[in-house]
Amino acid sequence: MASKTLLVVAHSPSPNTERLRAAIVAGVNTADLCDLGLVVKTPFEAQASDVLSSDAVVLGTTENLGYMSGALKDFFDRVYNPCLEQTRAMPYAAYIRAGLDGTGTTRAITSITSGLGWRAVQPPLILKGDWQDQFVDQCTELGAAMAIGLDSGIF
Ligand SMILES: Cc1cc2nc3c(=O)[nH]c(=O)nc-3n(C[C@H](O)[C@H](O)[C@H](O)COP(=O)(O)O)c2cc1C
């Protein structure tokens, strides 16, 4: 059984954002020295129990109307109270696919995770503007960094 578990909660409503989620998973898998469990869910699928049984979280969302996706907000609405007392200091990272901006989503995620007492272990990765293939590389690096950090006990 894996010693630690990384939970990826990613909203991927488009081919590009599906590539981003896949890149996170690929990054985790490149860190092949790691004895990690990996759980990948959409925000609608993910439950409080998934968070409670994880040791770190990667959040992925689009920016819609200056905020995180409704899907990710729904996730937080459902898990907030059940997780509040038991997931303090949870290491997390977030990536945001934004057409133009990303700041409203960054602010919202920072606010909610601060309320939960979660700990950002990477600055938010904002992938904005026209699509660039380097976004995939950045997500691969984020996945690998999260896996290595968790497995090695850095977090
Ligand atoms: C209804 C809607 C609202 C959006 N609002 C924003 C926004 O407020 N800020 C922003 O940067 N991008 C906004 N976007 C762009 C999305 O973030 C972008 O379409 C999404 O990340 C998917 O990117 P992709 O075309 O690379 O798949 C919006 C898109 C839609 C459909």
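Pick out the one residue from Arg97, Arg78 that is surrounded by fewer than 18 Cβ atoms within 10 Å (Cβ to Cβ) and charged (D, E, K, R). Spell out how you get there, then give the answer.
Values: Arg97 fails: surrounded by fewer than 18 Cβ atoms within 10 Å (Cβ to Cβ).
Exactly one residue qualifies, and that residue is Arg78.
Answer with yes or no whether Ser69 is farther than 19 Å from Leu125 by Cα, more than 12 Å from the chain's Cα centre (by Cα) and not hydrophobic (A, V, I, L, M, F, W, C). In short, no.
Every residue, every condition in (1) within 16 Å of the chain's Cα centre (by Cα); (2) over 20 Å from Leu142 (Cβ atoms); (3) not aromatic (Phe, Trp, Tyr), yes or no:
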| site | (1), (2), (3) |
| --- | --- |
| Ile24 | yes, no, yes |
| Asn29 | yes, no, yes |
| Leu38 | yes, no, yes |
| Gln47 | yes, yes, yes |
| Thr61 | yes, no, yes |
| Tyr80 | yes, yes, no |
| Glu85 | no, yes, yes |
| Ile96 | yes, no, yes |
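In this structure, is Gln138 at pLDDT 95 or above, surrounded by 15 or more Cβ atoms within 10 Å (Cβ to Cβ) and not basic (Lys, Arg)? Yes: the conditions hold for Gln138.
Which members of segment 99-143 meet the condition of being touching an Asp or Glu at 6+ places or on another chain (Cβ under 8 Å) and either hydroxyl-bearing (Ser, Thr, Tyr) or within 21 Å of Gly27 (Cα to Cα) (or both)? Result: Thr105, Lys128.
Results for (1) at pLDDT below 95; (2) within 16 Å of the ligand (Cβ to nearest atom); (3) of a type in the set (D, E, K, R), shown as yes or no for each residue.
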{"residue": "Leu33", "(1), (2), (3)": "yes, no, no"}
{"residue": "Val51", "(1), (2), (3)": "no, no, no"}
{"residue": "Thr62", "(1), (2), (3)": "no, yes, no"}
{"residue": "Tyr67", "(1), (2), (3)": "no, yes, no"}
{"residue": "Gly70", "(1), (2), (3)": "no, yes, no"}
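Among residues of segment 85-98 that are free of Cβ contacts under 8 Å to residues at least 60 places away in the same chain and within 16 Å of the ligand (Cβ to nearest atom), those with a beta-carbon under 9 Å from a residue that is in a strand (DSSP E or B) and small (Gly, Ala, Ser) at least six positions away or on a different chain give the pairs Ala94/Gly60; Ala94/Ala120; Ile96/Gly60. Taken over segment 15-60, the criterion of being in a loop (DSSP other than H, G, I, E, B) and without any contact (Cβ under 8 Å) to a residue 12 or more places away in the chain is satisfied by Asp32, Glu45.
The values are calculated or read from the model by the stated rules, or taken from the named source; none is laboratory data. Since we're looking at a predicted model, the values are computed, not measured. In this analysis, Cβ positions are derived from the backbone assuming ideal geometry, glycine residues included, and neighbour counts consider all displayed protein chains.
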